[in-house]
């Protein structure tokens with residue numbers, strides 16, 4: 001398969017997936033059932049969620065500078081923030097394109113070599129993966145009894161034990177295959193975990209490591225906080241448990257990585273997660289749409305403004321610096 005074909009598939013497949021999911025969803029729950037929830041939603045809670053979302057974006061932009069400073073670069077904070085927002089905007093069009101655009105912004109306006117800027121973004125992704133794994137681990141601990149009972153109900157105890165044994169055997173075989181094999185797939189897996197470990201240890205070698213770690217936890221805390229407070233916008237979800245919120249948050253987070261900013265898939269993932277806890281389908285889906293729509297509108301507005309303002313800001317900044 002050629003490189004051009006692979007790139008085309010990366011763009012086309014998420015769109016086709018979104019269309020298929022959209023058709024399936026609205027065939028089950030017409031949009032006319034969702035609209036009333038938008039009209040009756042408590043927008044004070046939605047606004048608070050937007051504030052938490054904005055704080056996470058500001059923190060991400062500030063954290064980025066800690067990775068660039070050891071290499072002798074100190075980009076202007078406003079450039080870092082606008083680069084982050086244009087990257088988010090770009091990902092809605094072409095998944096994963098934002099990382100390239102984000103690095104290119106600092107190359108263009110702060111004279112930071114593209115490969116170095118892009119390398120720090122990869123390092124950021126490593127820290128984000130670690131935090132997501134920690135959140136998954138905490139969720140499994142908090143909701144272990146519920147998850148076990150749910151799986152037991154779905155599979156019965158014998159099937160659950162068989163699944164656990166099968167999973168262990170597959171993991172053991174997978175580990176043996178990856179460590180011994182020299183295939184492209186095995187090498188990619190080894191390269192990923194090697195990079196993950198290097199990323200973990202490199203964080204503790206940073207000059208501002210504790211500030212970086214603080215911002216990393218703060219970013220993800222804001223993500224969860226914006227998800228949590230927005231549930232209060234829908235009265236039917238006002239009593240949702242923290243475990244349900246974490247499971248829905250994790251499911252929704254994966255859709256953002258897999259599709260164009262989580263379009264269509266995000267609300268479906270939220271509905272599916274809440275359905276495990278016996279919440280009604282329609283308000284759960286409506287919440288997913290409200291959550292996704294509010295954050296998307298913020299990204300669209302700030303992303304477009306950043307795209308427009310970047311050359312204006314840097315031109316005026318350059319003129320002021322000329323003696």
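Nothing in this text is a laboratory measurement; each read-out follows from the coordinates by a stated rule. Every value quoted in this text rests on a predicted model; they were computed, and no experiment measured them. Every residue, glycine as well, gets a Cβ built from its backbone with ideal geometry; the counts of neighbours run over all protein chains shown.
Extending 7 Å from Cα along the Cβ direction at residue 35 and again at residue 312 yields two label points whose distance is 3.5 nm. Placing dummy labels 7 Å off each Cα toward the beta-carbon, the span from residue 94 to residue 206 is 2.8 nm.
Please report the base-10 log of the normalised intensity I(q)/I(0) for the stretch 33-79, using a Debye sum with one equal scatterer per alpha carbon and no solvent, at each q in 0.19, 0.21, 0.25, 0.28 (1/Å). Normalising to I(0) and taking log10 leaves -0.68, -0.75, -0.88, -0.96. Relative intensity of the stretch 213-309 on a log10 scale, I(q)/I(0) at q = 0.17, 0.19 Å⁻¹, equals -0.75, -0.91, per a Debye sum over C-alpha point scatterers of equal strength in the absence of solvent. Each residue, residue 104 and residue 180, gets one label point 7 Å from its Cα in the Cβ direction; the gap between the two is 4.6 nm.
Under 13 Å from a point placed 7 Å out from the Cα of residue 77 along the Cα-to-Cβ direction: which residues of the stretch 86-102 have their backbone N that close? No residue qualifies, since no backbone N sits under 13 Å from the label point.
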